[in-house]
Structures are given as structure tokens and as C-alpha cells.
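K.L.:
Shown below is the structure under consideration.
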Amino acid sequence: MVTKVLLVGESWVSSATHYKGFDQFGSVTFHLGAEPLVAALQGDEFEITYMTAHDCVEKFPFTLEGLSEYQVILLSDIGANSLLLPPSVWLHGKPVPNRLKIIRDWTAAGGGLVMAGGYFSFQGIDGKARWRRTPVEEALPVTCLPYDDRLEVPDGFKAVVTGPKSHPILQGVDGEWPLLLGANEVVAKEGEGVEVLATLPEEEGGHPLLVTGGYGKGRTVAWTSDIGPHWVPNEFVAWPGYATIWKNILRWASQSK
């Protein structure tokens, strides 16, 4: 069975003419960062629909039925405003369905929700990602902080694997992981079903790196580093474990493994 994945985010275009529905920061002129992951997932097992952050403002579904064709939604480096403020709301003052509630309800019905880290993930740079206290955060296995949550580690850190090697997401991931250069700081939720599979080292705060959980009939995953440069260096992308981890995450989230 082919697992259909909606990958949303990982693209910004900075322009003074853009309205605030886009989650921009002025120092970036163009960024497109999903290619390493899309390449790693190529094959017959996954069908990836890649919707950039500026496209999703209008194209992301406004109904539960519109999401029903997907088994996994992966939110990566996209702020909440991109889904909360389409042109109908921001420019024309018209009400529309809240797509964050739709994502939450889709997850509760059995979908697999994954959030990967980045400057517009979790709470993000200067707190501008704004996922804290949203319906999406309600479904995730972690809680966002109320301020800029970036953990910039330019000298690099190596993940500390805390989960059992028998866990489906960690199966086949052997040896020491290559360096990562940053992550978002989050707090793992307490409760049955939440499991921290990997963390930053203690000298970098021991914060969660890979957390799994459940919401209703669905499964949820938080990966607090990025899916590609800059936080995920080329050496990490080239490491065989990169593709293995992400394929395992999508299989687990979709409940196909």
C-alpha cells in the first residue's frame, strides 16, 4: 500500500509586498529546504505531495474531507499564520474554517501528524511560528514554549538515543548519529503513550529531539531538528540512517508499521 504524505512548508520568499499571512523574516530572500527529504523518500512506498509555505496559504484544504486522502501530514518550517490567515481573512475580513482545528480533528480520526523543527516550527524565531496553544499543539506530543525556542549549536551535537532499539522508528538505525547543528526547544507532554526516543546531550540541555505520542485514533511525532540544512548538515543527509529514520517515522505515523 502506498502511503500518501502531505509535506507542508520549507519555502519562504521575503518581500515587503507580502501580506502577513505569510510567515516571513526579513533576512531571508529565498529558501527551499525539503529536497533532501523528498529525495530520500523516493520509491514506491510513499507518494509525497509537497506544498510550499506560500502555496499552502490558499491551497491547503479547508475541509476534513480534503485531508482524508492523506495518511500523514508533515509540517516543517511553516508558521501557524500561513494556515490561519488566507486572503479571505486577512485581506477581505471574511470567516473561513480554522485549518488548525481541521488538522487536529483529522489526527483524532486516525491521521498521522508530524512536526519537524525549523525557524517557523513549534514557536520559532522570535516566537513568530506561533504554534503554542493552538489546536495543532493540542494534538502533538510536545508543548511549545512562549518565546523564541531556537537552540543554535554551531559546533554541533550528537543525538542521545533514549528509546529502545526495538521501537519501529529506531529499527535499522545503527551506530552513532552524525552531528546536528540546532533544534527547537520543547517540553515533552506527560501521559500514557508519550515516548521520548532521542534527546540533545545534557551539555546542550538534554531537550527532546524525537518524541512520539497519540491523539485520539491517530499518531503524532515531533522531530525538533530540521529536515535539511542548516540544522541538518549534508553529512547527516548522506548518512544511511537519515532515510531510515524518516521512512520509519512515516510508517509509524501512518500506522503501517
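The values are calculated or read from the model by the stated rules, or taken from the named source; none is laboratory data. Here the structure is a predicted model, which means the values were calculated and not measured. Cβ atoms come from the backbone with ideal geometry, glycine included; neighbour counts cover every protein chain shown. When the accessible area is computed, the model is the full protein with side chains, heavy atoms only, and any ligands, DNA or RNA have been set aside. Shrake-Rupley method; radii C 1.70, N 1.55, O 1.52, S 1.80 Å.
K.L.:
Surrounded by fewer than 15 Cβ atoms within 10 Å (Cβ to Cβ), assigned to a strand (DSSP E or B), within 16 Å of the chain's Cα centre (by Cα) and modelled with pLDDT of 95 or more, is that true of VAL211? Let's see the steps before the verdict.
P.N.:
Values: surrounded by fewer than 15 Cβ atoms within 10 Å (Cβ to Cβ): no; assigned to a strand (DSSP E or B): yes; within 16 Å of the chain's Cα centre (by Cα): yes; modelled with pLDDT of 95 or more: yes.
Here the answer is no, as VAL211 does not meet what is asked.
K.L.:
Next up: Which residue is farthest from VAL136 (Cα to Cα), if the candidates are limited to region 214-229 and must be assigned to a loop (DSSP other than H, G, I, E, B) and under 15 Å from the mean Cα position of the chain (by Cα)?
P.N.:
Going through region 214-229, the residues assigned to a loop (DSSP other than H, G, I, E, B) turn out to be 216-217, 224-229.
Applying the additional criterion that residues be under 15 Å from the mean Cα position of the chain (by Cα) yields 224-229.
Details: THR224: 15, SER225: 18, ASP226: 18, ILE227: 19, GLY228: 23, PRO229: 25 Å.
Taking the candidates together, the pick is PRO229.
K.L.:
Please work out if PRO229 is surrounded by fewer than 18 Cβ atoms within 10 Å (Cβ to Cβ) and either under 26 Å from ALA39 (Cβ atoms) or charged (D, E, K, R) (or both). Reasoning before the result, please.
P.N.:
Working: surrounded by fewer than 18 Cβ atoms within 10 Å (Cβ to Cβ): yes; either under 26 Å from ALA39 (Cβ atoms) or charged (D, E, K, R) (or both): yes.
Yes.
K.L.:
Additional query: Give region 157-190 a look and list any residue that's open to solvent by less than 50 Å² (accessible area, probe 1.4 Å), of a type outside the set (A, V, I, L, M, F, W, C) and more than 17 Å from ALA253 (Cβ to Cβ), or say none.
P.N.:
Across region 157-190, the qualifying residues are PRO178, GLY182, ASN184, GLU185.
K.L.:
Taking the condition in contact with a Gly (Cβ under 8 Å, 6 or more places away or on another chain), assigned to a strand (DSSP E or B) and under 26 Å from GLN42 (Cα atoms), does LEU181 pass? Steps first, please.
P.N.:
On the way: in contact with a Gly (Cβ under 8 Å, 6 or more places away or on another chain): yes; assigned to a strand (DSSP E or B): yes; under 26 Å from GLN42 (Cα atoms): yes.
Spelling it out, LEU181 is indeed in contact with a Gly (Cβ under 8 Å, 6 or more places away or on another chain), assigned to a strand (DSSP E or B) and under 26 Å from GLN42 (Cα atoms).
K.L.:
Kindly check whether there is at least one residue in region 149-156 that is closer than 29 Å to ALA108 by Cα, at pLDDT 95 or above and either open to solvent by less than 10 Å² (accessible area, probe 1.4 Å) or in contact with a strand residue (DSSP E or B) (Cβ under 6 Å, 6 or more places away or on another chain) (or both). Walk me through it before giving the result.
P.N.:
First, pick out the residues of region 149-156 that are closer than 29 Å to ALA108 by Cα: 149-150.
With at pLDDT 95 or above added as a condition, the list becomes 149-150.
When the remaining residues are screened for being either open to solvent by less than 10 Å² (accessible area, probe 1.4 Å) or in contact with a strand residue (DSSP E or B) (Cβ under 6 Å, 6 or more places away or on another chain) (or both), the result is 149.
For region 149-156, residues closer than 29 Å to ALA108 by Cα, at pLDDT 95 or above and either open to solvent by less than 10 Å² (accessible area, probe 1.4 Å) or in contact with a strand residue (DSSP E or B) (Cβ under 6 Å, 6 or more places away or on another chain) (or both): present.
K.L.:
Being modelled with pLDDT of 95 or more, in contact with a strand residue (DSSP E or B) (Cβ under 6 Å, 6 or more places away or on another chain) and either open to solvent by 10 Å² or more (accessible area, probe 1.4 Å) or under 24 Å from GLY182 (Cβ atoms) (or both): is that true of LEU74 here? Break it down into steps so the answer makes sense when it comes.
P.N.:
Working: modelled with pLDDT of 95 or more: yes; in contact with a strand residue (DSSP E or B) (Cβ under 6 Å, 6 or more places away or on another chain): yes; either open to solvent by 10 Å² or more (accessible area, probe 1.4 Å) or under 24 Å from GLY182 (Cβ atoms) (or both): yes.
Against the criterion (modelled with pLDDT of 95 or more, in contact with a strand residue (DSSP E or B) (Cβ under 6 Å, 6 or more places away or on another chain) and either open to solvent by 10 Å² or more (accessible area, probe 1.4 Å) or under 24 Å from GLY182 (Cβ atoms) (or both)), LEU74 qualifies.
K.L.:
Oh, and also: Determine which single condition ILE102 fails, assuming it passes every other condition in (1) under 20 Å from LYS4 (Cα atoms); (2) aliphatic (A, V, I, L, M); (3) crowded, with 24+ Cβ neighbours inside 10 Å.
P.N.:
If we test ILE102 against (1) under 20 Å from LYS4 (Cα atoms); (2) aliphatic (A, V, I, L, M); (3) crowded, with 24+ Cβ neighbours inside 10 Å, just (3) comes out false.
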